[in-house]
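Just below is one structure, and these are the notes that go with it.
The values are calculated or read from the model by the stated rules, or taken from the named source; none is laboratory data. No experiment lies behind these values; they were computed from the predicted model shown. Neighbour counts run over all protein chains shown; Cβ positions are idealised from the backbone, glycine included. Surface accessibility is based on the protein's heavy atoms, side chains included, excluding ligands, DNA and RNA. Shrake-Rupley method; radii C 1.70, N 1.55, O 1.52, S 1.80 Å.
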Amino acid sequence: RLLVERVRQVLADHPQQGRNADALAAWLNMSPRTLHRQLHEEGASLQTLKDSVRQQRAQELLLRTHRPLKQIAEQVGFANEKSFIRAFRAWTGMTPDAFRNGPQQA
């Protein structure tokens, strides 16, 4: 699971590199095909890793900052706010605003 951890670290530290497999593979000095193959061998997929890292970072930013959603979307590697909101809802079952306001009420 060495590559999985390297990919997680790159995605966390450099979200822009995770927008597509070509950029991430180049960052890791390998071909996109090799990246996908080795991740598969370790029982992971690039999309699953991207989603996991993005979700964790988004939740952290939503709870610890008052940044606008547009800024958070950019920081976690989304091209626009709409895509971020749609993905966040798929991950958590709630909107980013509901998540930001909900846990602190409990």
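Brief remarks follow.
- Criterion: within 20 Å of GLY102 (Cα to Cα) and not in a helix (DSSP H, G or I) - qualifying residue of ARG67, ARG57: ARG67
- Taking the criterion of being out of contact with any Leu (no Cβ under 7 Å at 6 or more places or on another chain) and open to solvent by less than 40 Å² (accessible area, probe 1.4 Å), the residues of segment 53-75 that qualify are ARG54, ALA58, LEU61, LEU62, THR65, LEU69, ALA73.
- Test for PHE84: is it closer than 20 Å to ARG8 by Cβ and among the hydrophobic types (A, V, I, L, M, F, W, C): yes
- Scanning segment 15-27 for residues that are of a type outside the set (Gly, Ala, Ser), at pLDDT 85 or above and more than 12 Å from LEU49 (Cβ to Cβ) returns ASN20, ASP22, TRP27.
Listed here are the residues, each with its yes/no results for (1) in a loop (DSSP other than H, G, I, E, B); (2) open to solvent by less than 100 Å² (accessible area, probe 1.4 Å).
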position	(1), (2)
LEU3	no, yes
VAL7	no, yes
ALA25	no, yes
ASN29	yes, no
ARG33	no, no
GLN38	no, yes
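- Condition check for GLN16: part of a helix (DSSP H, G or I), polar (S, T, N, Q) and out of contact with any Gly (no Cβ under 7 Å at 6 or more places or on another chain): no
- In segment 47-106, the residue that is nearest to LEU24 (Cα to Cα) out of those that are without any contact (Cβ under 8 Å) to a residue 24 or more places away in the chain and among the aliphatic types (A, V, I, L, M) is ALA73.
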